[in-house]
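This report concerns only the one structure given below.
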Amino acid sequence: MDKKTFYVTTPIYYVNARPHMGTLYSTVLADVAARWNKLLGKQTFFLTGLDEHGQKIAQVAVAAGVTPKAFVDSMVPYFKDMWQRYELEFNRFIRTTDADHEQAVVAFLRRLQDKGDIYKSSYTGFYCTPCETFVADSSIVKDNPVCPSCNRPVHELSEESYFFRLSAYQDQLLAFYEQNPDFIVPKERLNEVIAFVKSGLRDLSFSRKTVGWGIPFPGDPEHTVYVWGDALVNYISAIGFGKTDPASISEFAAWWPADLHIMGKDIVRFHAVYWPAMLLAAGLPLPRRLLVHGYLLMGGEKMSKSKGNVLDPADLANKYGVEPVRYYLMRHTTISQDSSITIQEIENAIAADLANGLGNLLSRTLTLALRNNLGTVSPITTLEASSALLKEQCGEAFRGYWDGMNHYQYHLALASVLKFVNQTNAYVSTLQPWVLAKTNKPLFDEVISSVCHSLYATAIMLWPIMPHKMEQLLKTLGESVIPGANYAEILRKNEWNKTFKLANLEEPLFPRPESNDAVGG
Ligand code: MSP
């Protein structure tokens, strides 16, 4: 592994809604990617944050009788607290109202201006006077142009605007996609992007005169920077772009380009077309990869607050615990598709995979070993056939896991680990160590050592998804996750040469969920 750093980002979330399962999903994916790279011994930077400007926010603030800044400030704790509760270990929580972000946006746009890629023209679109906002062309029905938020008629309006010369980058973008066929995961999304770019790019309106709540446009304070010219720049402003002190310059050089931008499928175009073109214009390297996930559905529909079909991440955490929910999201959704989630499925996953599968394996092994005075478990030099097979299965589980993790197919990675947990449970049931304790002490010791090595490998593999629980598990084996170690190498070697010092669990690692429908579904 040559590269020693890994920089991952989530979209910055609009502050007009509180965190929900959809936004939690993007953020958990990023946390798992960061932790997986930590396991590879890399230094990681995980960025998330909030998209705070725009007319909608200003209007919500007016309705609430507060300033826009007071309103966005009041929303920050909902996100920060929820992300911290879900053990999302971000390195920076960026807000587009942060002073350094605002300066970076200005510095970035100045570069585009210097390049000659910003020009003044007039923007024509459908305008909703009551909402004081332009409505996207895509949400307008030709025969009956009404505002999608308030349903009242919209009318065509022209206003002066600064444009970014997106059209100039069509060929460079197409060449880039061709040279980087793995730019987007899953691959099919790249084809959609290529088709869109080939169909012809229009220049992008980058400023508004009618929106006051935004960053003043460099050189013309009558305008504010419009949406994507502000929001996308967060990925570089967070790591020092636009600052001139040596520490910031080297910070930026250390992290940019991003290794992974994570986002839902609705905002691919902005990340795969607009953002790369903006970076090309600014003379900056392009991100290495985009990971595009599908929607979480409930009852077959996209979960969204307006539809009222949302599961609240706080309710789920209260009822099932944070890490079982993280596990469920990573094990039972497929990133490349939309995934329906149901309470029944969450409860089944926790009961079958975690409580009965892994939790039970751990508790019965510990109880059996400690009851038979086997507190220190030594490695075995020559394994009997069924233990040797289990060891092979352990190696195989890691290969499946490795493959899944590297291709962002977390559900497959976890399926590989869970299959191995079941194989280990079957090994225990077949060898019956509770009988061996009385009849064949050497084989008893071998079984316990083999299961401890299996549990060790399992805990490391599940650590990116359930860090706290897996650290608890490792503690019962006298082990821990050592920062900077390259666990891929350790697990690939699959040497069962550890001496474990066992300690009892204070409480079950995964309590079985009590089924009721208190959280809906
Ligand atoms: N502010 C912009 C992003 C700017 S990034 C420079 C934005 N914000 S958002 O809050 O509306 O959406 C953020 C992310 O949440 C998107 O990637 C979106 O796909 C994701 N989700 C919102 N609802 C979702 C589901 N029900 N399921 C999965 N993710 C969905 O867009």
Looking at residue 480, is it without any contact (Cβ under 8 Å) to a residue 24 or more places away in the chain and within 22 Å of residue 327 (Cα to Cα)?
yes
Is there any pair linking a residue in the stretch 2-24 that is acidic (Asp, Glu) to one that is outside any loop (DSSP other than H, G, I, E, B) and more than 10 Å from the ligand (Cβ to nearest atom), with Cβ under 7 Å and at least six apart or on different chains, and which?
none
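Per-residue answers, yes or no, for (1) within 15 Å of the ligand (Cβ to nearest atom); (2) open to solvent by 10 Å² or more (accessible area, probe 1.4 Å); (3) of a type in the set (Phe, Trp, Tyr); (4) under 26 Å from residue 288 (Cα atoms):
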| site | (1), (2), (3), (4) |
| --- | --- |
| 3 | no, yes, no, yes |
| 15 | yes, no, no, no |
| 18 | yes, yes, no, no |
| 39 | no, no, no, yes |
| 48 | yes, no, no, yes |
| 59 | no, yes, no, no |
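Would you pick out the residues in the stretch 273-330 that are among the polar types (S, T, N, Q) and touching a helix residue (DSSP H, G or I) at 6+ places or on another chain (Cβ under 8 Å)?
Answer for the stretch 273-330, where residues must be among the polar types (S, T, N, Q) and touching a helix residue (DSSP H, G or I) at 6+ places or on another chain (Cβ under 8 Å): just 304.
With respect to residue 448, determine if the residue is open to solvent by less than 10 Å² (accessible area, probe 1.4 Å) and closer than 17 Å to residue 364 by Cβ.
Yes: the conditions hold for residue 448.
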When you scan the stretch 391-405, do you find a residue that is hydroxyl-bearing (Ser, Thr, Tyr), crowded, with 18+ Cβ neighbours inside 10 Å and under 18 Å from residue 440 (Cα atoms), even just one?
no
Qualifying residue in the stretch 94-113 (condition: buried (at least 17 other Cβ atoms within 10 Å of the Cβ), β-branched (Val, Ile, Thr), in a loop (DSSP other than H, G, I, E, B) and touching a residue at least 24 places away in the same chain (Cβ under 8 Å)):
yes
Going through (1) more than 9 Å from the ligand (Cβ to nearest atom); (2) open to solvent by 10 Å² or more (accessible area, probe 1.4 Å); (3) part of a helix (DSSP H, G or I) one by one, residue 23 fails only at (1)
Residue 68 being within 24 Å of residue 236 (Cα to Cα) and either loosely packed, with under 15 Cβ neighbours inside 10 Å or in contact (Cβ under 8 Å) with a residue 60 or more places away in the chain (or both):
no
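More than 10 Å from the ligand (Cβ to nearest atom), without any contact (Cβ under 8 Å) to a residue 40 or more places away in the chain and under 22 Å from residue 458 (Cβ atoms): does that describe residue 328?
Against the criterion (more than 10 Å from the ligand (Cβ to nearest atom), without any contact (Cβ under 8 Å) to a residue 40 or more places away in the chain and under 22 Å from residue 458 (Cβ atoms)), residue 328 qualifies.
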Would you list the helices (runs of 4 or more DSSP H) that sit entirely within the stretch 154-271 and hold 1 or more residues that are closer than 30 Å to residue 303 by Cα and within 16 Å of the ligand (Cβ to nearest atom)?
188-198, 228-231, 234-237
Look through 299, 294 and report the one residue that is within 16 Å of the ligand (Cβ to nearest atom), open to solvent by less than 30 Å² (accessible area, probe 1.4 Å) and small (Gly, Ala, Ser).
294
Restricting to the stretch 419-445, name every residue that is closer than 22 Å to residue 328 by Cβ, buried (at least 21 other Cβ atoms within 10 Å of the Cβ) and not hydroxyl-bearing (Ser, Thr, Tyr).
420, 421
Can you tell me how many residues within the stretch 26-37 are closer than 11 Å to residue 259 by Cβ and either open to solvent by 10 Å² or more (accessible area, probe 1.4 Å) or away from the ligand (no atom under 16 Å from the Cβ) (or both)?
2
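The values are calculated or read from the model by the stated rules, or taken from the named source; none is laboratory data. Model, not experiment: these values are computed from the prediction. Cβ coordinates were reconstructed from backbone atoms using ideal geometry, including for glycine residues, and neighbour counts include every protein chain displayed. SASA here: full protein model, heavy atoms, side chains in, ligands and nucleic acids out. Shrake-Rupley method; radii C 1.70, N 1.55, O 1.52, S 1.80 Å.
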